[in-house]
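Participant: Below is the structure I would like to discuss, written out as C-alpha cells.
The values are calculated or read from the model by the stated rules, or taken from the named source; none is laboratory data. Here the structure is a predicted model, which is why all the values come from computation and not from measurement. Using ideal geometry, Cβ is built from the backbone for each residue, glycine included, and neighbour counts are taken over all protein chains shown. In case anyone asks, the SASA skips ligands and DNA or RNA and just uses the protein heavy atoms, side chains included. Shrake-Rupley method; radii C 1.70, N 1.55, O 1.52, S 1.80 Å.
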Amino acid sequence: MKPIEHSRRGFLGHAAAGIAIPLFLRRAVLGFGGVPGANETVNIGIIGLGGRARALVNESRGIPDMRIVAVCDCFLPAVDAFIAELGKDHNWRGYDDMFQMLDKEKLDAVMVVTTTHARAWVTAHVMQRGLHVYIEKPMCLTVAEGRYLVNAARRYKVITQVGTQQRSMPINNWASDLVKNGAIGKVQVVLAPNFVGPLMWPGKPERPLPPGGRAKWWDVWLNQAQYRPYHPELHRNWAAWWDYDGGGLCFGVTGWGTHSYDQIQRALGTDDTGPVEILLEEPVKESPTGRYAEMTVVDETRLDYLIRLAQPVVGPRAKMRMWYANGTELRLHLDGDWGPGLGAIFIGEKGKIEINRNKIASNPREIVNSPDNPGPITKPETQYHIENWIHGIKTGQRCTADVEIGHRSTSLCLLVNIVREVGRVGERLRWDPVAERFTNCEEANKSSYMDRERRKGYELPPLT
C-alpha cells in the first residue's frame, strides 16, 4: 500500500473527525469482548521509526504470537528506510500519515515510538480507536499529559505498557521485591544519579528541508511545540532540547532517569504515588557527569559499557533530595562514572542492595546470594517487556509497567526539572501526589513541565 500524501488541512480535518466519532473501534471498546484469543496473533503497527523502533523490532523477533503489519512515520524517507532495513521480507505496509494507517489496517495494538513531544498526542488518538498501546518512555512531556493518558487508557479500556523494560526483567524484579519485603529492614535512604537536564534551543538559521517528505511534514513533526524553521540538529537531536524532551540524552533526566527512578518506585512500593517534599540543594550549573579518565571498563557482561555512553555528557544539573510520606529519603547525588546509572542503592536498617539493569549487589553479600536468585537475563532485554504486553492484551491483565505506573515514574523525572527551574535552593517544596500539585509554590505549578499551551491542531482530543 503506497503511502498517500495529504495536505495539513486534510490531515488535521481527519484528526478532528476522529475526535467526534472514533472510527473502527475494536469490539472490546463497544462492549463485545473483542480481545484476541490465546492462540491468535496480535497484529501491531508502529508509529515513529527512529533508532528505538529498530531496537524494539529486533528484540521482539523471538515472540511468536505478535505480527508487525504496518509502520508509520511523518517523514516518508524514514518509512522507506525502515522497511528496506527490517521489513522487506515481511510485507509491511508503510504510511506517512498515522490516520491512514489506523483507518486502513486491522490492528490490535500500536507501538508509539515517536519523539517525546508528539508521544501523548499520537497515543491519545491510538487509544481513542480502542487499540492497545506500547508507549516508549518517557511516556509524556508534562505531568498533565501523563494524567490525561491514564484517564484515556481507563476510558477506552486498553492495555498499556510503558517502555521501562527493567520492570519485566526477572532479576530486577526479584531484587526489588527483596527491598520491598524487608530484606534490608526499613529503607532509610536511597542513592540515585544526579542526571543532566535539557538545554534551551538557541535558535539557528533555517536550513533546507531534506528531500522526500510530503507537504507540511515538518509541521506535523513539530506537533504541539511552537513552529520553528527546519534545522537538522533540531530534527535529529530533539531529545536535548527543553521544548521536546526533559533531558533525553544518555545520563539525562528523562533519558536514563525514567529507568532509574522507575526502579526506585518499584522497590519502594510507591507505584501509585510519589514524594511529598523536594529540596534543591545547590544552584543548577552545567557540569560533566563524572571523572571518566579514572574509569576503566572491567566487565561488559555487567553493563559497565553503559558508563562509556555517558562519558561525554556535560549539562545542567544539581543535587537534590526528596522525601516520601513514610520518611524514606531519596538523594539524587551520584555521578555517571560510579554507581547504578540505571538504578539505585537502597540503604536500610539491615544492609544495602544496589539494583542496576540486569545487575545486583548487596552488603552483606548473602542477601542476594540466594538460591532463588533468577540470575542474569537470557533473552534480549526488552523481549520480556513486550511479551508481558502481549500477554496483557490476550488476558486483559494490566502490564508490569501499566500507564499509571509509567506516569508516576515519569512525573518523578519531571519534578526534578520543575524544581531546578524554579531554583529555590534550600527550600523544601511540598508536592501533593494525589492532586499532583505543589502546595507551597505556585511558581512551580506554572512550569511548562506541569502543563503547556499546545499549538492549534495538536490539542489532546476530549475523552468522549
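Participant: Sort through L141, L149 and tell me the only one that's part of a helix (DSSP H, G or I) and open to solvent by less than 10 Å² (accessible area, probe 1.4 Å). Lay out the reasoning, then the answer.
Facilitator: Working: L141 fails: part of a helix (DSSP H, G or I).
Matching residue, one of L141, L149: L149.
Participant: Hey, another quick one. For region 398-420, what are the residues that are surrounded by fewer than 24 Cβ atoms within 10 Å (Cβ to Cβ) and in contact with a Leu (Cβ under 6 Å, 6 or more places away or on another chain)?
Facilitator: none
Participant: Which pairs turn up if I take residues in region 444-464 that are among the acidic types (D, E) and look for partners that are surrounded by fewer than 18 Cβ atoms within 10 Å (Cβ to Cβ) and not in a loop (DSSP other than H, G, I, E, B) with beta carbon separation below 6 Å, at least 6 apart in sequence or on another chain?
Facilitator: Every condition considered, the pairs that remain are D451/A144.
Participant: Check P211 against each of (1) in contact (Cβ under 8 Å) with a residue 60 or more places away in the chain; (2) closer than 30 Å to M322 by Cβ and name the one condition it does not meet.
Facilitator: (2)
Participant: Tally up the residues in region 109-121 that are of a type in the set (V, I, T) and open to solvent by less than 10 Å² (accessible area, probe 1.4 Å), please. Talk me through it step by step, then tell me what you get.
Facilitator: Taking region 109-121 first, the residues of a type in the set (V, I, T) are 110, 112-116.
Restricting the remaining residues to those that are open to solvent by less than 10 Å² (accessible area, probe 1.4 Å) gives 110, 112, 116.
Selection size over region 109-121: 3.
Participant: Just the residues that are at pLDDT 95 or above, in a strand (DSSP E or B) and among the charged types (D, E, K, R), please, taken from region 332-368.
Facilitator: K352, E354
Participant: May I pose another question? Assess whether G348 counts as being surrounded by fewer than 21 Cβ atoms within 10 Å (Cβ to Cβ) and either within 28 Å of the chain's Cα centre (by Cα) or at negative phi (or both).
Facilitator: Yes.
Participant: So, in region 389-436, exactly how many residues are assigned to a helix (DSSP H, G or I) and among the hydrophobic types (A, V, I, L, M, F, W, C)?
Facilitator: Narrowing region 389-436 to residues assigned to a helix (DSSP H, G or I): 389-395, 403-422.
Narrowing further to those that are among the hydrophobic types (A, V, I, L, M, F, W, C): 389-390, 393, 403, 405, 412-416, 418-419, 422.
Qualifying residue count, region 389-436: 13.
Participant: With (1) open to solvent by less than 10 Å² (accessible area, probe 1.4 Å); (2) touching a Pro at 6+ places or on another chain (Cβ under 8 Å) as the list, and E59 as the residue in question, which single condition is left unmet?
Facilitator: (1)
Participant: Could I ask something else about it? Between residues in region 402-427 that are on the phi < 0 side of the Ramachandran plot and residues that are among the acidic types (D, E) and in a helix (DSSP H, G or I), which pairs lie under 7 Å by C-beta distance while being six or more apart or on different chains?
Facilitator: S409/D262; V422/E443
Participant: Hey, could you check region 271-289 for residues that are in contact (Cβ under 8 Å) with a residue 60 or more places away in the chain and among the polar types (S, T, N, Q) and say which is least open to solvent (accessible area, probe 1.4 Å)? Full working, then the answer.
Facilitator: The first filter runs over region 271-289 and keeps only residues in contact (Cβ under 8 Å) with a residue 60 or more places away in the chain, leaving 271-284, 289.
Imposing the further condition that a residue be among the polar types (S, T, N, Q) reduces the set to 273, 289.
Working: T273: 43, T289: 0 Å².
Going through the qualifying residues, I end up with T289.
Participant: Sticking with this structure for a sec: Just checking, how many residues over region 82-97 are within 22 Å of P211 (Cβ to Cβ), touching a residue at least 12 places away in the same chain (Cβ under 8 Å) and open to solvent by 10 Å² or more (accessible area, probe 1.4 Å)?
Facilitator: 2
Participant: Do the conditions hold for R54, that is, is it at pLDDT 95 or above, under 25 Å from the mean Cα position of the chain (by Cα), under 24 Å from W121 (Cβ atoms) and surrounded by fewer than 18 Cβ atoms within 10 Å (Cβ to Cβ)?
Facilitator: Considered against the rule, which asks whether it is at pLDDT 95 or above, under 25 Å from the mean Cα position of the chain (by Cα), under 24 Å from W121 (Cβ atoms) and surrounded by fewer than 18 Cβ atoms within 10 Å (Cβ to Cβ), R54 comes out as yes.
Participant: Let me ask another. For residues in region 239-270 being aliphatic (A, V, I, L, M) and open to solvent by less than 10 Å² (accessible area, probe 1.4 Å), which is nearest to K319 (Cα to Cα)? Spell out how you get there, then give the answer.
Facilitator: Let us first name the residues in region 239-270 that are aliphatic (A, V, I, L, M), namely 239-240, 249, 253, 264, 267-268.
Right, trim to open to solvent by less than 10 Å² (accessible area, probe 1.4 Å) and you get 240, 253, 264, 267.
Details: A240: 20, V253: 12, I264: 17, A267: 22 Å.
Among residues in region 239-270 that are aliphatic (A, V, I, L, M) and open to solvent by less than 10 Å² (accessible area, probe 1.4 Å), the one nearest to K319 (Cα to Cα) is V253.
Participant: Could you list all residues from region 183-208 that are open to solvent by 30 Å² or more (accessible area, probe 1.4 Å) and on the phi > 0 side of the Ramachandran plot? Give the steps one after another, and end with the answer.
Facilitator: First, pick out the residues of region 183-208 that are open to solvent by 30 Å² or more (accessible area, probe 1.4 Å): 183, 186, 188, 191, 199-208.
Within region 183-208, just G203 meets the criteria.
Participant: Which of (1) over 26 Å from E459 (Cβ atoms); (2) polar (S, T, N, Q); (3) open to solvent by less than 30 Å² (accessible area, probe 1.4 Å) does Q128 not meet, given it meets every other one?
Facilitator: Tallying (1) over 26 Å from E459 (Cβ atoms); (2) polar (S, T, N, Q); (3) open to solvent by less than 30 Å² (accessible area, probe 1.4 Å), Q128 fails exactly one: (1).
Participant: Test of understanding: among R155, R236, R167, which residue is among the basic types (K, R), surrounded by fewer than 19 Cβ atoms within 10 Å (Cβ to Cβ) and touching a residue at least 12 places away in the same chain (Cβ under 8 Å)?
Facilitator: On the way: R236 fails: touching a residue at least 12 places away in the same chain (Cβ under 8 Å); R167 fails: surrounded by fewer than 19 Cβ atoms within 10 Å (Cβ to Cβ).
It is R155.
Participant: Only one of these is more than 28 Å from M450 (Cα to Cα) and open to solvent by less than 40 Å² (accessible area, probe 1.4 Å): T382, T395. Name it. Spell out the reasoning first.
Facilitator: Working: T395 fails: open to solvent by less than 40 Å² (accessible area, probe 1.4 Å).
One residue alone meets the criteria, T382.
Participant: Quick one: in region 170-182, which of the residues that are among the polar types (S, T, N, Q) and open to solvent by 10 Å² or more (accessible area, probe 1.4 Å) is nearest to E136 (Cα to Cα)? Can you show your working first?
Facilitator: In the first step, residues of region 170-182 are kept if they are among the polar types (S, T, N, Q); the result is 172-173, 176, 181.
In the following step, the residues that additionally are open to solvent by 10 Å² or more (accessible area, probe 1.4 Å) were identified as 173, 181.
Values: N173: 20, N181: 29 Å.
In this case the residue turns out to be N173.
Participant: Step by step: first the residues of region 212-224, then only those that are out of contact with any Leu (no Cβ under 9 Å at 6 or more places or on another chain) and in a loop (DSSP other than H, G, I, E, B), then the one that is least open to solvent (accessible area, probe 1.4 Å). Which residue is that?
Facilitator: Going through the qualifying residues, I end up with N223.
Participant: Can you go through Y227, Y305, Y292 and tell me which one is surrounded by fewer than 17 Cβ atoms within 10 Å (Cβ to Cβ), of a type in the set (F, W, Y) and modelled with pLDDT under 95?
Facilitator: Y305
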